[in-house]
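The values are calculated or read from the model by the stated rules, or taken from the named source; none is laboratory data. None of the values given here were measured: they were computed from a predicted structure. Positions of Cβ are generated from backbone atoms using ideal geometry, with glycine treated the same way; all protein chains shown enter the neighbour counts.
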Amino acid sequence: MEFVEAIKDRKKIKEIKEVLFKRSKRDYLLFTLGINTGLKVSDLLNLKKHEIVERNDCVKDYISVCDKETNLVYLNEQVKTAVYDYVKTVPFLSDDDYVFKSKKGTAPITRQQAYRIINSVAKEVGINSKIGTHTLRKTFGYHAYCGGVAVSILQKLFHHSSKGETMKYIGIEKGENIRSQIDVNL
């Protein structure tokens, strides 16, 4: 597997979201959900509508994801808005359908298709670094860390064996001075 990087520049994230929003609400949701939750692409692609949206079309506050242990993953307002925008454009999506349903059949898009979506839009907005599906997860980790989330929490979330592994994964160099801003927004 090739090493990919986090998207550290918030302006580039905004540009990607703008392009994807105009092009495909599904792809916009994939990107937005990935960078705001830190879920693995395999977990994202296997989500079904009923796991993320209530029967009354309200987006859930938390989703349950089973990997090594069951985790509840918080869906912030960015994600909720993206889900709502997508669901209202795809009224034929049933509760048992995959959220990221392929246009060819009932299965979800493949990891390769997710890679093509993310990689091509990153190039389109001028990102020249290595970008892939893990970029979503790494971007989440990088911005969570810069936002004041303890590396130990990210280490547990990513199932890493050391804090150093997590720091390397999210693209923080040893000795790099990161200005964290913890804002509880009370």
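Checking each residue of the stretch 46-55 against the condition of being farther than 16 Å from LYS123 by Cα and touching a helix residue (DSSP H, G or I) at 6+ places or on another chain (Cβ under 7 Å) gives at least one match. Regarding the stretch 121-139, can at least one residue be identified that is touching a helix residue (DSSP H, G or I) at 6+ places or on another chain (Cβ under 6 Å), modelled with pLDDT under 95, of a type outside the set (Gly, Ala, Ser) and assigned to a helix (DSSP H, G or I)? Within the stretch 121-139, not a single residue is touching a helix residue (DSSP H, G or I) at 6+ places or on another chain (Cβ under 6 Å), modelled with pLDDT under 95, of a type outside the set (Gly, Ala, Ser) and assigned to a helix (DSSP H, G or I).
Within the stretch 50-59, identify whether any single residue is surrounded by fewer than 19 Cβ atoms within 10 Å (Cβ to Cβ), in contact with an Asp or Glu (Cβ under 8 Å, 6 or more places away or on another chain) and of a type in the set (Val, Ile, Thr), and answer yes or no. There is no residue in the stretch 50-59 that is surrounded by fewer than 19 Cβ atoms within 10 Å (Cβ to Cβ), in contact with an Asp or Glu (Cβ under 8 Å, 6 or more places away or on another chain) and of a type in the set (Val, Ile, Thr). Of all residues in the stretch 127-141, those satisfying the criterion of being closer than 22 Å to LEU45 by Cβ and of a type in the set (Ser, Thr, Tyr) are THR133, THR135, THR139. Looking at this structure, is LYS11 over 30 Å from ILE172 (Cβ atoms) and either out of contact with any Gly (no Cβ under 9 Å at 6 or more places or on another chain) or part of a helix (DSSP H, G or I) (or both)? The answer is no for LYS11.
Answer yes or no: is there a residue in the stretch 89-102 that is under 18 Å from the mean Cα position of the chain (by Cα), modelled with pLDDT under 95, surrounded by 13 or more Cβ atoms within 10 Å (Cβ to Cβ) and in a helix (DSSP H, G or I). Looking through the stretch 89-102, none of the residues is under 18 Å from the mean Cα position of the chain (by Cα), modelled with pLDDT under 95, surrounded by 13 or more Cβ atoms within 10 Å (Cβ to Cβ) and in a helix (DSSP H, G or I).
Determine whether the stretch 37-46 contains at least one residue that is over 20 Å from LEU154 (Cβ atoms) and assigned to a helix (DSSP H, G or I). Scanning the stretch 37-46 turns up at least one residue that is over 20 Å from LEU154 (Cβ atoms) and assigned to a helix (DSSP H, G or I).
Restricting LYS25, LYS17, LYS12 to those that are farther than 24 Å from TYR142 by Cα and either of a type outside the set (Asp, Glu) or modelled with pLDDT of 95 or more (or both) reduces the list to LYS25.
Name every residue in the stretch 8-35 that is of a type outside the set (A, V, I, L, M), surrounded by 19 or more Cβ atoms within 10 Å (Cβ to Cβ) and out of contact with any strand residue (DSSP E or B) (no Cβ under 9 Å at 6 or more places or on another chain), in order of residue number. Correct list: LYS25, ASP27, TYR28, PHE31, THR32, GLY34.
Residues checked against (1) touching a residue at least 40 places away in the same chain (Cβ under 8 Å); (2) closer than 16 Å to SER120 by Cβ; (3) not charged (D, E, K, R):
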position: GLU18; (1), (2), (3): no, yes, no
position: LYS25; (1), (2), (3): yes, no, no
position: LEU30; (1), (2), (3): yes, yes, yes
position: LEU33; (1), (2), (3): yes, no, yes
position: GLY38; (1), (2), (3): yes, no, yes
position: SER42; (1), (2), (3): yes, no, yes
position: CYS58; (1), (2), (3): no, no, yes
position: ASP61; (1), (2), (3): no, no, no
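Note on the stretch 52-88: among residues that are of a type in the set (D, E, K, R) and farther than 15 Å from LEU33 by Cβ, the one that is modelled with the highest pLDDT is GLU54.
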